[in-house]
Amino acid sequence: MAIGTVAPRKTGAIATLARLGHPVVTSATGGEITVVTRPSEAGFSPLDLIYASLAACLVLSARIAASEQGVLGWLRNVEASVKGSKAAEGASRIEYFHIEMPKRFAI
């Protein structure tokens, strides 16, 4: 029995920045997000976007694993918290990711 095929999703992003204002990132599928640049501004900073991407990948992977193990029906929700530590010296970069996935995601 043929299950069918899944159309590949367009991927990628373009960031634009005018002389004044905030960067705007547009995905290949048309999604758009304005990136904040000040610590006091609400929204996603470039670092937040990295952490958000990793957190989303973790929860999606957990759901896929639950499906493959035949326990998806028991799953209520999955949560992943991702933070990071910037390097104390040298170029600005993430030195460590801090990841937490509470056990309550199981059932």
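Derivation of every value follows stated rules applied to the coordinates shown; laboratory data play no part. Everything numeric in this text was worked out from a predicted model, so none of it was measured. We place every Cβ from the backbone using ideal geometry, glycine too, and count neighbours over all the protein chains shown.
General observations
- For the chain, leaving out every one of the trypsin sites (Lys or Arg not before Pro) that falls in a DSSP loop and has at most 16 other Cβ atoms within 10 Å, the longest unbroken run is 20-75.
- Table column - 3J(HN,Hα) (Hz), the stretch 31-48, Karplus curve with 6.51, -1.76, 1.60, x for Gly and Pro: x, 9, 9, 8, 9, 8, 10, 10, x, 7, 7, 6, x, 9, 8, x, 5, 4
- Cβ-based charge dipole, the chain, positive-most Cα from 85, 8, 36: 8
- Additional length obtainable on full extension of the chain from residue 7 to residue 92, 0.36 nm per residue less Cα span: 26.8 nm
- Share of Cα-Cα pairs in the chain lying beyond 17 Å, as whole percent: 69 percent
- Estimated from the Cβ-Cβ distance and a Förster radius of 22 angstrom, the FRET efficiency linking residue 61 and residue 83 is about 0.75.
- For residue 42 and residue 14, a Förster radius of 25 Å and the Cβ-Cβ distance give a FRET efficiency of 0.60, rounded to the nearest 0.05.
- The DSSP beta bridges internal to the chain are antiparallel in roughly 95% of cases.
- Considering only alpha-carbon pairs that sit under 8 angstrom and 6 or more positions apart, the relative contact order computed for the stretch 45-107 is 31 percent.
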